[in-house]
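Read through the structure below, which is laid out as structure tokens, and then see the notes.
Throughout, read-outs are computed from the coordinates displayed, never taken from laboratory work. What you see is a predicted model, and the numbers here were worked out from it, not measured in a lab. Backbone-built Cβ (ideal geometry, glycine too); neighbour counts: all protein chains shown.
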Amino acid sequence: MSPGRTVLVTGGAGFMGSHFVEHHLDAHPSDRVIVLDALTYAATLENVAQPQAHHAARFEFVHGNVRSPAVVDALMARSDVVVHFAAETHVPRSISDSLMFVETDVLGTQTVASAVVRHRDRIERFIHVSTSEVYGGAPGEVMEEGHPLRPMTPYAAAKCGADRLVFAFAQTYEVPAVIVRPFNNYGPRQHLEKLVPRMVTSALLDEPLTVHGDGGATRDWIHVRDTCRALEAVLDAPIEGVRGEVFNAATGVATSVLEIAERVLALVGRDGSAIVHTPERPGQVTEQRASTKRAHQALGFEAETRLDAGLAATVAWYREHRSWWERLRFMRAVPVTGGDGGVTYW
Ligand SMILES: NC(=O)c1ccc[n+]([C@@H]2O[C@H](COP(=O)([O-])OP(=O)(O)OC[C@H]3O[C@@H](n4cnc5c(N)ncnc54)[C@H](O)[C@@H]3O)[C@@H](O)[C@H]2O)c1
């Protein structure tokens, strides 16, 4: 790909988007990055402090909504590459109220993809950041990219709609779109509502760690830095090999939620008696493990960070950045209103 590109990153003030922005600016000294972000509760400008401080001449922040055709179109007109992260992302919130998930994840993607079509003479690559949640669960199976899509929650269904919409745009309009399905990411700056930071901060605060059900649900945990490397590999690959394709970004290793809780406690010097079990969450996916074969063969991508090292570094980050997360403590559990009007906290 040509040097000196302008990369439009939607959702770049959130967890994964902000890591990608840092990673990309550090690795590509000729490229510029424009972040388009609505700054929802999940984002903070602190997340883009590093690019603002170190790459001010090559970094631009635009406060706006991916659902706005005018805003998205104007930015697309001066971009060469698009990496689309912006989404509502927390499963329990989608169970509580799915409207915003359909609005942002589906309609926002439709807005971005339509602008890519209008500017297809200019756009070299459009990466859509999907999710492993589109697969649902697959006990005993390794999930290849052709695995049936069985979204189990409103979040997963909205992301599934977006994923298939981008696929259809690649077929219909031949836009240079690529779909990446990261599995469960963790690392610095992840919102406290998500499992790993919720556990890490509970462990640091000397509080109990709550685990849904028996904690036996497994996930393929990938450090956010590795996901950034996977996205860069997609940007670097010749378009003929990746147009309209789907790639998992994962490690191929599954670890249970209970084991994550135990490892986090061990890292802060506490024992497993701090684990408290709560009722299972509806729509819970019991098992997820990715096939990493296609990403390895087509992109040469392999995750580098082992879970023990990644978790240790993540615990260290939260220990050292208390001012970043203190204000979010009250958001660790999400109130969900059931059909009977009763409220439970997930
Ligand atoms: N975190 C994970 O484990 C994981 C795994 C797989 C895929 N993903 C996907 O990766 C992407 C990023 O996830 P994340 O964990 O960084 O999420 P996040 O919630 O931390 O960040 C989402 C970002 O999108 C922004 N945003 C939300 N609505 C917007 C709108 N209407 N217009 C513009 N910006 C808007 C938010 O302000 C925030 O900065 C999402 O598409 C998510 O579905 C996440």
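Comparison of Val200, Val178 shows that the only residue that is in a strand (DSSP E or B), among the β-branched types (Val, Ile, Thr), within 15 Å of the ligand (Cβ to nearest atom) and over 13 Å from the mean Cα position of the chain (by Cα) is Val178.
For the stretch 138-147, the condition holds for no residue, the condition being that it is surrounded by 21 or more Cβ atoms within 10 Å (Cβ to Cβ), within 14 Å of the ligand (Cβ to nearest atom) and assigned to a loop (DSSP other than H, G, I, E, B).
Taking the criterion of being over 20 Å from Thr344 (Cβ atoms), aliphatic (A, V, I, L, M) and either within 11 Å of the ligand (Cβ to nearest atom) or assigned to a helix (DSSP H, G or I) (or both), the residues of the stretch 71-98 that qualify are Val71, Val72, Ala74, Leu75, Met76, Val83, Ala86, Ala87.
Which of (1) farther than 22 Å from Asn184 by Cα; (2) part of a loop (DSSP other than H, G, I, E, B); (3) not polar (S, T, N, Q) is the odd one out, the single condition Ala333 does not satisfy? The one condition Ala333 does not meet is (1).
The number of residues in the stretch 99-137 that are out of contact with any strand residue (DSSP E or B) (no Cβ under 8 Å at 6 or more places or on another chain), among the hydroxyl-bearing types (Ser, Thr, Tyr) and within 13 Å of the ligand (Cβ to nearest atom) comes to 2. Screening the candidates Ala53, Ala77 for the property of being exposed (fewer than 15 other Cβ atoms within 10 Å of the Cβ) and in contact with a His (Cβ under 8 Å, 6 or more places away or on another chain) yields one hit, Ala77. All of Gln288, Gln284 fail the test of being in contact with a Phe, Trp or Tyr (Cβ under 9 Å, 6 or more places away or on another chain), touching a residue at least 60 places away in the same chain (Cβ under 8 Å) and part of a loop (DSSP other than H, G, I, E, B), apart from Gln288. A count restricted to the stretch 1-29 and to residues that are buried (at least 24 other Cβ atoms within 10 Å of the Cβ), more than 9 Å from the ligand (Cβ to nearest atom) and free of Cβ contacts under 8 Å to residues at least 60 places away in the same chain stands at 1.
Taken over the stretch 198-234, the criterion of being in contact with a His (Cβ under 9 Å, 6 or more places away or on another chain) and on the phi > 0 side of the Ramachandran plot is satisfied by Gly213, Gly215.
Residues checked against (1) outside any helix (DSSP H, G or I); (2) over 20 Å from the mean Cα position of the chain (by Cα):
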{"position": "Phe247", "(1), (2)": "yes, no"}
{"position": "Arg263", "(1), (2)": "no, yes"}
{"position": "Arg270", "(1), (2)": "yes, yes"}
{"position": "His277", "(1), (2)": "yes, yes"}
{"position": "Ala298", "(1), (2)": "no, yes"}
{"position": "Ala303", "(1), (2)": "yes, no"}
{"position": "Trp317", "(1), (2)": "no, no"}
{"position": "Ser323", "(1), (2)": "no, yes"}
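For the stretch 2-47, taking the residues that are outside any loop (DSSP other than H, G, I, E, B) and aromatic (Phe, Trp, Tyr), the one that is farthest from His90 (Cα to Cα) is identified as Phe20. For residues that are buried (at least 19 other Cβ atoms within 10 Å of the Cβ) and not in a helix (DSSP H, G or I), scanning just the stretch 153-175, find the one that is nearest to the ligand (Cβ to nearest atom). Looking at residues that are buried (at least 19 other Cβ atoms within 10 Å of the Cβ) and not in a helix (DSSP H, G or I), I get Thr153.
When the stretch 30-70 is examined, which residues are found to be more than 16 Å from the ligand (Cβ to nearest atom) and either of a type in the set (D, E, K, R) or touching a residue at least 12 places away in the same chain (Cβ under 8 Å) (or both)?
Correct list: Ser30, Asp31, Arg32, His54, His55, Arg58.
Would you tally the residues in the stretch 116-137 being in a loop (DSSP other than H, G, I, E, B), under 14 Å from the mean Cα position of the chain (by Cα) and more than 24 Å from Glu240 (Cβ to Cβ)? So the count comes out to 1. Consider Arg243 carefully, then state whether it is closer than 28 Å to Asp26 by Cα, under 20 Å from the mean Cα position of the chain (by Cα) and surrounded by fewer than 19 Cβ atoms within 10 Å (Cβ to Cβ). So Arg243 does not fit the description; no.
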